[in-house]
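J.: Here it is, the structure in full.
Read-outs: derived from the displayed coordinates by stated rules, not from any lab. Keep in mind it's a predicted model, so treat the numbers as computed, not measured. A quick note on method: Cβ atoms are made from the backbone with ideal geometry, for glycine too, and the neighbour counts reach across all protein chains shown.
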Amino acid sequence: MKSAQRLALALALLFLARPAAATIGYHISLKNPEQHLFHVSVEIPAQPADREIIIALPAWNALYQVRDFSYRVRDVRARNSSDTAAASLPVRMLDKQTWKISLAGIDGSAGNGANADAHSRAATLDYSIEWDDPGPFNSQLNAHHAFVNFAEVLMYVPSRRAEDARVQFDDVPEGWRVAAELPAGATPNSFLAANYGTLVDAPAELGKFAEFGFDETGAHFRVVVDGKDWRRESLESILRDITKYEVHLMGGAPFTQYTFFFHFGPYPEVGGGGMEHSNCTAISASSGEAAASVAAHEFFHAWNVKRIRPQTLEPVDYTKEMYTRALWFAEGVTSTYGDYTLERSGLWTKEQFYADLAAEISELDSRPAHRWQSVEESSLNAWLEGYDEYRRPERSISYYNKGQILGDLLDLAIRDATDNRKSLDDVLRRMNDVYAKQGRFYDDSQGVEAVTEEVAGVKFDDFFRRYVGGTDEIPYDKFFNAAGMELKVERRAAPELGFWTSRRSSDAPTVIAQVVPGSSAEAAGLKAGDALLTLNGQPLPRYLPAWLRQHEPGEIVALRVERDSKDLDLKFALGSVDLNKFSLMEMPAPTEKQKRIREGWLKGKTD
């Protein structure tokens, strides 16, 4: 056999060994957006030996909550090939999120599939899914715009998640544009992804949005904005400061382009909310200025959690909960660095930084659960956060809250142990080098402890045993004194709602579970079972305790509730409860070492 013939045969055999076609194609129609229905078609090339195709919709995404997106799905059908007139194929639901498409009857499925025409063995699944929920953790389609978290809309073939995907938006309303942090496809309004995981890590915004860009620290940043009450000059200045500091801190950007998606408006998240992605973030906030702290946090996720990632979150399982003890580090320490960024870049004064950290300590102290629930256990219980009862102070603490505090204290402890020659910054950079850049994942808290000890050159097992894995009371003075700081406390009145709420699921209405006897809420006529509709004329905050911290005892609040299918308006004054309020102060005469550590802590410097 001639060499040319042998090469041709080898190439032919290689081709036959591969799937008939690797690309899974998605079409998303936005026809009649006021109906809030995404009409989806999934084109799946059948492989030679396939007799059936299993396809599923994720049960969770964005939030650590099983939200069962499949309850929104309707009219599931299958057909042979992408031709709308093609013969239908049997499709059967297997469980709440999984369907089976039978290929029986398609030419070649009975054993000679290797010789069958590839097009004739393609299956197309059609369905519609309803979404009109605002915010970065959801998807939305209405007459104004569309925002798509793809994992909440697009089904996937579990056995073929590694195959590349193509998404085509059809019936896009006139005047709308499409933005996604994905490579553009060959046709307008289309995008490509190397696999399903990459696809669902890059949301899309569609509408008449504003857009601008800037270059900073060797990368291009794109800013996509829907909403009002923002100014380009101010927002760009804030983002330049944030991106410049964090990229410099981590030794360079792990991307060439990054997109900020902003939704400005009356969103229920107090102070705004954000969702991180590898090369972009989606943020909702009341205004451009209010977005700064959220942006500083979410952008740092480009390293911490998206690339510096615990092994327990890999590979992603879209079908059920994924438990990790490391959210105190992945989320809480990211909050530490969000505040570091604001202070070290000059967006905050050091007094604002001190006040924020003291408020976090006050919050942790106010939750009796800190005496029995460790921050690792809080991380494991992230999947319970959709239940209001779980979020009660006597039931749980927040891994965001305690994790942020521990980040600051760990930094101070490292600086103290090394005479300010090393810091938590060095730990993050080292984890970036040995894990993120090597495609490896760390072993939850043990992995963080190991790198901390490597960087500092001393043992930190006592810190991790007592404050991360344990519930020992934190000796704040021990840590703050190293930087010439002291924590002061006073007993002060804090606001109290006078009722507890509950919710069966994250999508169910919030109802009154219990009214505190003798409270002003009881006097106003609030009753157990009332469904909360609005608070002070605004959508109900996603997290009531966070809303409460921004108010004072005695303030009048207005609730609209539903009772017996009727809407009622109730007004009453917030109650009062005595709690510890902490403040962080500089010592008047610090030692030379204390001053060096304090300046290093505030400026992100080491000696």
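J.: Which is farthest toward the positive dipole end of the chain among CYS280, VAL172, ALA162, measuring Cα position about the Cα centre, with Cβ charges +1 (Lys, Arg) and -1 (Asp, Glu)?
T.: ALA162
J.: Any chance you could give the angle, 0 to 90 degrees and rounded to 10, that helix 333-344 forms with the longest Cα principal axis of the chain?
T.: It is inclined by approximately 60 degrees.
J.: Could you point to the label whose value was computed as Rg and Dmax of the Cα atoms in Å for the structure here, given [x] 26.7, 96; [y] 28.0, 108; [z] 24.7, 81?
T.: [x]
J.: Any of LYS100/LYS306; LYS350/LYS422; LYS31/LYS320; LYS478/LYS605; LYS306/LYS488; LYS320/LYS566 with alpha carbons more than 27 Å apart? Name them for me.
T.: Over 27 Å Cα-Cα: LYS100/LYS306; LYS31/LYS320; LYS306/LYS488; LYS320/LYS566.
J.: Multiplying the sequence separation of ASP472 and THR534 by 0.36 nm and subtracting their Cα-Cα distance, what value in nm do you get?
T.: 18.4 nm
J.: Which distance in Å, rounded to a whole number, links the C-alpha centroids of the stretch 566-607 and the stretch 283-316?
T.: Each part's Cα centre sits 23 Å from the other's.
J.: Quick one: angle between helix 232-249 and the longest Cα principal axis of the chain, in degrees between 0 and 90, rounded to 10, please.
T.: The angle comes out near 90 degrees.
J.: Taking the beta-carbon count within 10 Å as an exposure proxy, list GLU314, GLU331 from fewest neighbours to most.
T.: Final ranking by Cβ density, sparse to dense: GLU314, GLU331.
J.: What's the center-to-center distance, using Cα atoms, between the stretch 52-70 and the stretch 546-565 in Å?
T.: Each part's Cα centre sits 34 Å from the other's.
J.: In addition: Per the Kirkwood definition applied to all pairs of different Cα atoms, how many angstroms is the hydrodynamic radius of the stretch 391-510?
T.: One decimal place: 17.2 Å for the Kirkwood radius.
J.: Considering only THR334, THR324, VAL448, whose Cα is most displaced toward the positive end of the charge dipole of the stretch 311-452, charges sitting on Cβ of Lys, Arg (+1) and Asp, Glu (-1)?
T.: Positive-most Cα among the choices belongs to VAL448.
J.: If you don't mind, there's one more thing I want to ask. Please report the spacing between the Cα centers of the stretch 137-166 and the stretch 357-398 in Å, no decimals.
T.: Distance between centres, Cα-based: 32 Å.
J.: Next question, about the same structure. Placing one identical point scatterer on every Cα of the stretch 498-573 and ignoring solvent, what is log10 I(q)/I(0) from the Debye formula at q = 0.15 Å⁻¹?
T.: -0.47
J.: Translational D (Stokes-Einstein, µm²/s) of the stretch 119-234 at 37 °C and 0.692 mPa s when Rh comes from the Kirkwood sum over C-alpha pairs?
T.: The calculation lands on 205 µm²/s.
J.: So how many Å³ per residue does the convex hull of the Cα atoms of the stretch 327-473 work out to?
T.: 122 Å³
J.: Subtracting the Cα-Cα distance from 0.36 nm times the residue separation, let me have the gained length for TYR390 to LEU579 in nm, one decimal.
T.: Stretched out fully, the TYR390 to LEU579 stretch lengthens by 66.0 nm.
J.: A further question follows. How far, in nm, would the chain grow between THR198 and ALA513 when pulled straight, counting 0.36 nm per residue and subtracting the alpha carbon separation?
T.: This chain segment gains 109.3 nm when fully extended.
J.: Then there is this: Using the alpha-carbon atoms, what tilt in degrees (0 to 90, nearest 10) does helix 444-456 show relative to the longest principal axis of the chain?
T.: The two axes meet at around 60 degrees.
J.: Round to the nearest 0.05 the FRET efficiency obtained for THR256 and GLU321 when R0 = 25 Å and r is the Cβ-Cβ distance.
T.: 0.15
J.: Give me the dipole magnitude in Debye, nearest 20, for the stretch 327-473 about the Cα centre, with unit charges on the beta carbon: positive for Lys and Arg, negative for Asp and Glu. Each step should come with its number before you reach the end.
T.: Values: 18 positive and 30 negative charges, 55 e Å.
For the stretch 327-473, the charge dipole is close to 260 debye.
J.: So what is the calculated 222 nm ellipticity per residue for the chain, using -39500 (n - 2.57) for each DSSP H run with n of 4 or more, over all residues, to the nearest 500 deg cm²/dmol?
T.: -7500 deg cm²/dmol
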